1. In the range 283-355, which trypsin sites (Lys or Arg not before Pro) are in a loop and have at most 16 other Cβ atoms within 10 Å, using DSSP for the loop call?
2. Quick one: P(r) of the range 44-131 from all Cα-Cα pairs, 10 Å bins, percents rounded to integers, in order of increasing distance.
3. Relative contact order for the chain: what percent, with Cα pairs under 8 Å and sequence separation of 6 or more?
4. Short version: what are the Cα gyration tensor semi-axes of the range 372-417, square root of 5 times each eigenvalue, largest first, in whole Å?
5. So what's the range 217-352 giving for Rg/Rh, alpha carbon basis, Kirkwood Rh from the mean inverse pair distance?
6. If you split all Cα-Cα distances of the range 29-88 into 5 Å bins from zero, what percentages do you get per bin, shortest first?
7. How about the range 180-230: which GluC sites (Glu not before Pro) there lie in a loop by DSSP and see at most 11 other Cβ atoms within 10 Å?
8. On a 0 to 90° scale, report how tilted helix 212-234 is relative to the longest principal axis of the chain, with both axes built from alpha carbons and the result rounded to the nearest 10.
Amino acid sequence: MLLSLLLAEVRWQADVRGAPSALAENAILHLQQLGRMASNVHEVRVLVAACNCWGQASGAVSALAIAAVQECSAWSRGKRAAWGPLGTPYLIHALTACLPLCIEDQASLQVADALMEKLVVGAAELHHGQLTDLMELLAMVTRPQDDGASVVSRAPVDQGMRQWHTAKSDEQPPSVKNVMLLRSEFYKRARDLPLVLLPRPLAALAQLLPDQGDFLFVLRRCTSRVELELTAALRQNTSNPELAAECLQLLGGDELGELLHVCAACNYKDGPFLEACRDWVLVPDFDLLGHIRRNVSIVHLLHAFAVLEATNMDLARTLVAAALIRMEDFGFFEILGFLDAASLLQSQADRGGTGFLPAYGVGEQALSRAVARASSLAATSPVVEAQSCAQLLRSMKLPATALAGPVFDRAAEVVVS
């Protein structure tokens, strides 16, 4: 009865993602009081569908996620013989929907970690979306700071991934084998995949491979393709509406922002690649920035180009103008990224001389508006975030019109533990 009600609510909200209704919340609370939430395939699928629908919008959903992960584990290990076989695609889908909601639950992480080896073995049979989901799942259950060791079965620090490169295959810990198998599978596919599908798996690999050398040769293969295909596309008549639409499908602004964010994280400075990316942003015919879906992508672009020291006057003006259009919708994370980019560009402008970049790195008006937005958000932001922002602002040159008082006031508050 409770699960039927939950399924009806999921179907009702399928097209409008958000928090579960009061009725669904009440059903979830009652389900938590049961010894076992799901006793057949249909009921497990309802739990997964609820997690997929409501995600992080409700803390109560995490209880459903924990139950779904445990049931999928038992199903996968043959302990639910009457349910029939559990297909790899559905198992990946279920873990992708549920695991982020119970990432703090050690038992769920142990279950997911135990499933990784089975899933990775069949990676060659997965379509690209499933392979990407699997790479992201592996990143969730692997601690990069532990050199590739899983969160539940870590090798000592001095026996991390770097040492295991020269070990025989049968001597490598399972977590390292899994990472290397996925890296090899993605590397084989990277030559033929559409460009828009490259950033997500690259971001997952960047987390999984603590040795930068292991990651850079994969990244280099991808960025070489991006450079060649963008350059070829820019040689066409992009003022043609049909060709302009094709260019947006080739690599949109959100995907370019993700890709450059990965490059910035490992300080990957490939001149021809960055030049092609800069030209792609600046081409006027298909309004790349105007078609961006997520505000954070604008910040990713501005910040990544700044980190990689690939910003010139035209690019800075173009990206800042796009950011100003959306700035009133920026959250504290986006504003902090914008201000950090401005700080980097100020330093570069000091080295490059007058006229190299806009005043104050991003222009006086833009910096003043960014500080004003930070001030308007400060009162409701965590004190530690306000302290980070205040520290950044103190290191910058600010125009007289930049009123940062509320940020400094919030940063001065005592954190109550």
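1. Arg293, Arg294
2. 18, 51, 30, 2
3. Over the chain, the number comes to 8 percent.
4. 19, 11, 7
5. Over the Cα atoms of the range 217-352, Rg/Rh equals 0.95.
6. The percentages, shortest bin first, are 4, 19, 30, 24, 14, 7, 2.
7. none
8. Orientation of helix 212-234: about 60 degrees from the principal axis.
Readers should treat all values here as calculations from the given coordinates under stated rules, not as data from a laboratory. None of the values given here were measured: they were computed from a predicted structure. Reconstructed Cβ throughout: ideal geometry from the backbone, glycine too, with neighbour counts over all protein chains shown.
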